[in-house]
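Written out below as structure tokens is the structure these notes cover.
Rule-based calculations on the coordinates, nothing more; no lab input. Model, not experiment: these values are computed from the prediction. Cβ placement follows ideal geometry from the backbone for every residue including glycine, while neighbour counts extend to all protein chains displayed.
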């Protein structure tokens, strides 16, 4: 409390010790009227039963007739602060749910490792099969590209025929199939990396929860 606050509190204490002051102080209590304390931008402490609108959302205290703080009213939170707190609560709840799921699902680190190896093996097989299929498609594309060299506009022979629509459609379709499988292969590799990271994180967390060093 600054000097102005001390003077106010001391004056209030002296005033309330008088008969009239005591009656009025008790009347304030009976009427339910609250006394507030707040600080302005210059650091000056103010007291009153009404807070100016510009300070209504800021931190303040409810005080008794002697100027002694009874309880504190926190400042209203900004939308950004509310959003941050909500996010923190959601993260904490997600961690709690994850911990509970780990404890309910596994009984040992070895059990997690076995499941990890099984799932990684499945994804690895999918990556291998997709890679083999891509090799086949690329072989077919090379064959089609070689055949297309006999036709215009790829052939230098002035007597060359225009490329048949069927060959052109096969080239386009094969290119699309290759791009699709390349995307599938990329996604499977990302899935494998993410799965490996997630299992390692689960193992580390399970050890923490079980106190395993």
Could you tell me how many of the residues in segment 180-212 are over 25 Å from the mean Cα position of the chain (by Cα), within 23 Å of residue 130 (Cα to Cα) and either loosely packed, with under 13 Cβ neighbours inside 10 Å or free of Cβ contacts under 8 Å to residues at least 24 places away in the same chain (or both)? 3
In contact with a helix residue (DSSP H, G or I) (Cβ under 7 Å, 6 or more places away or on another chain), assigned to a helix (DSSP H, G or I) and farther than 29 Å from residue 210 by Cα - does that describe any residue in segment 147-154? yes
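Residue-wise test of (1) without any contact (Cβ under 8 Å) to a residue 40 or more places away in the chain; (2) loosely packed, with under 11 Cβ neighbours inside 10 Å; (3) within 12 Å of the chain's Cα centre (by Cα).
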{"position": "89", "(1), (2), (3)": "yes, yes, yes"}
{"position": "97", "(1), (2), (3)": "yes, yes, no"}
{"position": "101", "(1), (2), (3)": "yes, no, no"}
{"position": "113", "(1), (2), (3)": "no, no, no"}
{"position": "119", "(1), (2), (3)": "no, no, no"}
